[in-house]
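*Asks:* My questions all concern the structure below.
The values are calculated or read from the model by the stated rules, or taken from the named source; none is laboratory data. From a predicted model like this one, the values you see are computed outputs, not experimental measurements. Cβ sites come from the backbone with ideal geometry, for glycine too, and all protein chains shown count toward neighbours.
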Amino acid sequence: MNGFTVAAIILVALCVGAYIFRFVGQKVTNDAPKFRDMGYGEAFGFVLGAALLIWAVWYYFQPKTLDTGVPNAGVVFFRWAVQGLIIASIAAYLFRLLGRTVGTAGTRKLFRSMPLTASFGILVIILYSFLAIFAGAIAPYGQAEILGAANVVAGGDPALGGNPEYPLGTDQIGRDILSRLIYGAQNTVGIAFITTCLAFFIGGSLGFLAATLQGWLDQLLSRGVDVLMAIPSLIFALLLMTIASVWANELGVPLTIFMILIIAMIDSTRVYRLARAVGLNIVVMDYIEAAKLRGEGLGYLVFKEILPNAMAPLLAEFGLRFCFVFLTIAALSFLGVGIQPPLADWGTMVRDLAPFINFAAFAPTAAVAPLLAAGAIALLTVGVNFVVDWMLHKSSGLKE
Amino acid sequence: MTNLLTIKGLKIEGRSDETWNPIINGVDLELKKGEVLGLIGESGAGKSTIGLAAMGYTRDGVRISDGSVDFDGVDLVNASAAVKRSLLGKRIAYVAQSAAASFNPAHKLIDQHTEGPVQHGVSNRGTSVEDGIELYRKLRLPNPDEIGFRYPHQVSGGQLQRAMTAMAMSCRPDLIIFDEPTTALDVTTQIEVLASIREIVEEFDTAAIYITHDLAVVAQMADKIKVLLRGDEVEESDTRTMLSAPKEDYTKSLWAVREFQRPEKPPVEKGAVPVVSVRGVTAAYGTTDVLHDVSFDIHAGRTVAVVGESGSGKSTTARCITGLLPPRMGEIAFDGQPLPSDYRKRTKDQLRQAQMIYQMADTALNPRKTIGQIIGRPVEFYGGLKGAKRRERVNELLDQIELEPSKYYNRLPSELSGGQKQRIGIARALAAEPKFIICDEVTSALDQLVAEGILRLLADLQDKLGLSYMFITHDLATVKSIADEVVVMKNGKVVEQGPKVEMFTPPHHAYTDLLLSSVPEMDPDWLNDLLKERGVDNIGDAAVDKM
């Protein structure tokens, strides 16, 4: 029996199962509207979901053979993922419960209508901010501190090549990975935050200005932005970074400052587009006309009348843009032109530790090193996006 | 004869704030074949919800919690999706308020028309197209042979509404639900649509539920009328009884709205300088002239109503006066002094003297600002009042518009009703202490009772503060109740102007006459008489086109 036959049999079984499921459902519940009006596609979805769930449970309880060298580490990673998901859900639930009981009436109301995903996202953001702010106090070692043992495996189990003093192991030159991860929050997230703020300040104010004044200024700014947006952003950033690295040496200014400016400029074009589009929808409102006819100045129009109404989409975009900036920095660091060593940075850590990925099939704990940094990036991105989705949903609900 | 549609004890609930709140509290309804029932009530009365429930349908977040909907022996509340599919579109059809928003802009009218009959297997595409053209002809659409092959945006609003009626007719349903089909239309367009809908409903002996808030319209269309108030039935009886002898107080108050009338004012003294004087204004959007040599005066303490259909240049005139659209020729004078044509060149005091109240209070108030901020801004901006003095002045203004200051000061516009929002718009204009206010269709988005309240308030304020109003409207009932002088506009030109009394007594200019005659009256025979008197081709837009 080859793979194709197996797949075909499973597919047929699912199809038949869906039909039976719906038929039995109709008979058992005596044509309840739920089953009576159920489409075949919907029934198929239920059956497929159930089948996947059964498979997941079965796979989860497969014997764990870490030490025999048999290449089935997939089970281990799957278990970690499931356990992580469960822990994250419980944490998010508890956090939401806390938010519902503690705090002012306003925040309690906010938490009451909050989905679990959003509370998870907020928890992640709070955790990261905490780590970033207090990195120096929390991290057991310095970010550039080279310790005795190199390439210590994560897990802290001496039998498997770990060391309890370095719970997440050390890298090739013997720096503690846990400390570097914590400092990485400070460097990567901090720089990304500053960059995003700058991008929003530039893009947002220019966008609103273009929307309010229109005419030649709008044309000039918009066409300029079009030109910048036409160039692939990562390649453009690489190009500018190469130029900037020469200047940085000549002027004695850290390259990181240039990186912040360059990424802020590239990302401000996207913010400009959004701010202008949102602004254009707002400037046609009668209350803007009323303010203009009152004789209000430009500053009042932009900051007092337009900005409060553009807050929701801009905040949502801020979350998304933050992720993109953050990924761009990680990508630049991965390529070697971003945050410079010995500063800890997640992108650089992934690049430096990447070769360990090859051990994944046989020694999951050894392969974890690069995945930890990658996971830190992924977790923050997912968390921020959860919060952004929730805010978008809330702001679209407000409009009705 | 058995009922075609029987609704018994219908209760509908809507979900908000995580609880189910009642929308309809037990309404009964019976409809025989070929009968037309008018459902009237204010917004929020549950008219549309009942209309949709008659098809066994509820909007998202709304559910039928109790009661039965029986259509020709089929229980629509519990019917399966398959059963509903076989009925909806084929035996029950729906005509929505905004045909422009309900047609799919990406498909030609005829393609959307034939979809129903073909899907339901009533006929094939070829016969259905022929039938569509026949229906278009019956509904007196211009060029019936080709109009169906246009896209929705290539057809006017009134024509779309008729095309939609034709589409509802395509399967010859037993029941059609009309949800405010003429509310968004001009009077001259409305009358045409009304006449064609009534004719076709009679011809095919179709039963209909006609939902509207306009009593005069429902008087023409319905055999019997049901009045609703906040989800409850107030009363039901046949049209003539309902109009001549309404039983309930609420119904009587609805009927009485149209009786509000301001007392006559003495004629303006000779030689008095008008507050606002529009002199020979010609204005253009781009290179197209939209106003041609418009002139009229507005005197102190008077209301000038500017009347005309959409596109007649009423609002453009207002834009010229406010300086948003500088005229190409002519000038605007204020107290005899010519004003700079662009608002940016006017002084703060010139801007203060002329204020504006907008049609849509929703877009006229910044949704992120509290009432205190909205009204307080002009107080501070023009009067220079700050802190406690500003608060005091805002409270005074809120008192003037009959809203309790302590209750409303910190609210956001979204926490107010439509009528209250419009009052805030008025207060914001008053805050500038102007001499002259432009009211742009201020009551057209409001229910009749609420609109009447606004009109009374504006009239009181005029008496107290000696304001002058320019009242832009397409509703002649409003003109009758509030105006001192009337300016009739058509295609950017003033066709007639003069004191109200003169305007409402013959002889009229042909266009004024047409406008006046197109306003539905409460008399159920009005449309019949008009059709008899003038003939089908001499009413509404058809007659306008002939001019």
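*Asks:* Can you tell me which residues in segment B:425-451 are more than 14 Å from chain A (Cβ to nearest Cβ) and crowded, with 21+ Cβ neighbours inside 10 Å?
*Replies:* Across segment B:425-451, the qualifying residues are B:T443, B:L446, B:A451.
*Asks:* Residue by residue through segment B:4-25, note down the ones that are without any contact (Cβ under 8 Å) to a residue 60 or more places away in the chain and of a type outside the set (V, I, T).
*Replies:* Correct list: B:G9, B:L10, B:K11, B:E13, B:G14, B:R15, B:S16, B:D17, B:E18, B:W20, B:N21.
Table: residues versus (1) assigned to a helix (DSSP H, G or I); (2) touching a residue at least 24 places away in the same chain (Cβ under 8 Å).
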{"position": "B:Q422", "(1), (2)": "yes, yes"}
{"position": "B:A427", "(1), (2)": "yes, yes"}
{"position": "B:P434", "(1), (2)": "no, yes"}
{"position": "B:L449", "(1), (2)": "yes, yes"}
{"position": "B:R456", "(1), (2)": "yes, yes"}
{"position": "B:M470", "(1), (2)": "no, yes"}
{"position": "B:V487", "(1), (2)": "no, yes"}
{"position": "B:E496", "(1), (2)": "no, no"}
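*Asks:* Could you tell me which residue of segment B:119-173 is surrounded by the fewest Cβ atoms within 10 Å (Cβ to Cβ), considering only residues that are aliphatic (A, V, I, L, M) and farther than 26 Å from B:A54 by Cβ?
*Replies:* Applying the filter and picking the extreme gives B:V129.
*Asks:* Name the one entry in B:L455, B:L449 that is touching a helix residue (DSSP H, G or I) at 6+ places or on another chain (Cβ under 7 Å) and at pLDDT 85 or above. Quick ask: steps written out before the conclusion?
*Replies:* Values: B:L449 fails: at pLDDT 85 or above.
Exactly one residue qualifies, and that residue is B:L455.
*Asks:* Moving on. Quick check on A:L261: is it touching a residue at least 24 places away in the same chain (Cβ under 8 Å) and either outside any helix (DSSP H, G or I) or surrounded by fewer than 19 Cβ atoms within 10 Å (Cβ to Cβ) (or both)?
*Replies:* yes
*Asks:* Restricting segment A:21-42 to residues that are within 11 Å of another protein chain (Cβ to nearest Cβ) and assigned to a loop (DSSP other than H, G, I, E, B), which is nearest to B:V83 (Cα to Cα)?
*Replies:* The residue in question is A:D37.
*Asks:* Further question on the same structure: I'd like the full set of residues that are more than 14 Å from every other protein chain (Cβ to nearest Cβ) and either of a type in the set (G, A, S) or assigned to a helix (DSSP H, G or I) (or both), limited to segment B:378-394. Steps first, answer last, please.
*Replies:* Within segment B:378-394, the first condition is being more than 14 Å from every other protein chain (Cβ to nearest Cβ), and the residues that meet it are B:385-394.
Selection gives B:G387, B:A388, B:K389, B:R390, B:R391, B:E392, B:R393, B:V394.
*Asks:* Determine whether segment A:349-361 contains at least one residue that is touching a residue at least 60 places away in the same chain (Cβ under 8 Å), of a type in the set (S, T, N, Q) and farther than 16 Å from A:L255 by Cβ. Lay out the reasoning, then the answer.
*Replies:* Our first condition is that a residue be touching a residue at least 60 places away in the same chain (Cβ under 8 Å); within segment A:349-361, this holds for A:349, A:352-353, A:360-361.
Add one more test, that the residue is of a type in the set (S, T, N, Q), and what stays is none.
No, every residue in segment A:349-361 fails to be touching a residue at least 60 places away in the same chain (Cβ under 8 Å), of a type in the set (S, T, N, Q) and farther than 16 Å from A:L255 by Cβ.
*Asks:* In this structure, does A:A81 turn out to be under 22 Å from A:P167 (Cβ atoms), more than 20 Å from the chain's Cα centre (by Cα) and without any contact (Cβ under 8 Å) to a residue 12 or more places away in the chain?
*Replies:* Working: under 22 Å from A:P167 (Cβ atoms): yes; more than 20 Å from the chain's Cα centre (by Cα): no; without any contact (Cβ under 8 Å) to a residue 12 or more places away in the chain: yes.
In short, no.
The rows are residues; the columns are (1) away from chain A (no Cβ under 14 Å); (2) not in a loop (DSSP other than H, G, I, E, B).
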{"residue": "B:E264", "(1), (2)": "yes, no"}
{"residue": "B:A272", "(1), (2)": "yes, no"}
{"residue": "B:V290", "(1), (2)": "yes, yes"}
{"residue": "B:G301", "(1), (2)": "yes, no"}
{"residue": "B:I332", "(1), (2)": "no, yes"}
{"residue": "B:P367", "(1), (2)": "no, no"}
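*Asks:* Anything in segment B:67-105 that is under 19 Å from B:Q161 (Cα atoms) and either within 14 Å of chain A (Cβ to nearest Cβ) or free of Cβ contacts under 8 Å to residues at least 12 places away in the same chain (or both)? List them, or say none.
*Replies:* Answer for segment B:67-105, where residues must be under 19 Å from B:Q161 (Cα atoms) and either within 14 Å of chain A (Cβ to nearest Cβ) or free of Cβ contacts under 8 Å to residues at least 12 places away in the same chain (or both): just B:A101.
*Asks:* Another question, then. Can you name the number of the only condition in (1) more than 12 Å from chain A (Cβ to nearest Cβ); (2) more than 27 Å from the chain's Cα centre (by Cα); (3) not charged (D, E, K, R) that B:Y343 fails?
*Replies:* The single condition B:Y343 does not satisfy is (1).
*Asks:* Continuing with the same structure: Looking at segment B:198-213, is at least one residue of a type outside the set (D, E) and surrounded by fewer than 17 Cβ atoms within 10 Å (Cβ to Cβ)? If you could, list the steps in order and put the result at the bottom.
*Replies:* In the first step, residues of segment B:198-213 are kept if they are of a type outside the set (D, E); the result is B:198, B:200-201, B:204, B:206-213.
Filter once more, so that each one left must be surrounded by fewer than 17 Cβ atoms within 10 Å (Cβ to Cβ): B:204.
Yes, segment B:198-213 contains at least one residue that is of a type outside the set (D, E) and surrounded by fewer than 17 Cβ atoms within 10 Å (Cβ to Cβ).
*Asks:* So, A:T195, is that one among the hydroxyl-bearing types (S, T, Y), within 21 Å of A:I260 (Cβ to Cβ) and outside any loop (DSSP other than H, G, I, E, B) or not? Don't jump to the end; show me each part of the working.
*Replies:* On the way: among the hydroxyl-bearing types (S, T, Y): yes; within 21 Å of A:I260 (Cβ to Cβ): yes; outside any loop (DSSP other than H, G, I, E, B): yes.
Against the criterion (among the hydroxyl-bearing types (S, T, Y), within 21 Å of A:I260 (Cβ to Cβ) and outside any loop (DSSP other than H, G, I, E, B)), A:T195 qualifies.
*Asks:* State which residue is nearest to the other protein chains (Cβ to nearest Cβ) when the search covers only segment A:264-282 and only residues that are hydrophobic (A, V, I, L, M, F, W, C) and surrounded by fewer than 19 Cβ atoms within 10 Å (Cβ to Cβ).
*Replies:* So the first thing to find is which residues in segment A:264-282 are hydrophobic (A, V, I, L, M, F, W, C), and the list is A:264-266, A:271, A:274-275, A:277-278, A:280, A:282.
Next cut, surrounded by fewer than 19 Cβ atoms within 10 Å (Cβ to Cβ) only: A:265, A:277, A:280.
Working: A:M265: 30, A:A277: 18, A:L280: 14 Å.
Among those that are hydrophobic (A, V, I, L, M, F, W, C) and surrounded by fewer than 19 Cβ atoms within 10 Å (Cβ to Cβ), it is A:L280.
*Asks:* A:I138 versus (1) surrounded by 13 or more Cβ atoms within 10 Å (Cβ to Cβ); (2) farther than 22 Å from A:P164 by Cβ: which is the lone unmet condition?
*Replies:* Going through (1) surrounded by 13 or more Cβ atoms within 10 Å (Cβ to Cβ); (2) farther than 22 Å from A:P164 by Cβ one by one, A:I138 breaks only (2).
*Asks:* Contact list please: Cβ distance under 8 Å, first residue in segment B:509-537 and farther than 13 Å from B:T189 by Cα and not assigned by TED's automatic domain parsing to the domain that holds B:A305, second residue of a type in the set (S, T, N, Q) and at pLDDT 75 or above, pairs at least six apart or on different chains.
*Replies:* Close Cβ pairs satisfying both conditions: B:P524/B:Q220; B:P524/B:T239; B:W526/B:Q220; B:L527/B:Q220; B:L530/B:S517; B:R534/B:S517.
*Asks:* Next question, about the same structure. Quick check on this structure: which one of A:I288, A:I231, A:I306 is within 14 Å of chain B (Cβ to nearest Cβ) and free of Cβ contacts under 8 Å to residues at least 40 places away in the same chain?
*Replies:* Details: A:I231 fails: within 14 Å of chain B (Cβ to nearest Cβ); A:I306 fails: free of Cβ contacts under 8 Å to residues at least 40 places away in the same chain.
So the residue among A:I288, A:I231, A:I306 that is within 14 Å of chain B (Cβ to nearest Cβ) and free of Cβ contacts under 8 Å to residues at least 40 places away in the same chain is A:I288.
*Asks:* Does segment B:478-529 hold any residues that are surrounded by 15 or more Cβ atoms within 10 Å (Cβ to Cβ) and of a type in the set (S, T, N, Q), and which are they?
*Replies:* Selection gives B:T478, B:S481, B:N491, B:Q497, B:T512, B:S517, B:S518.
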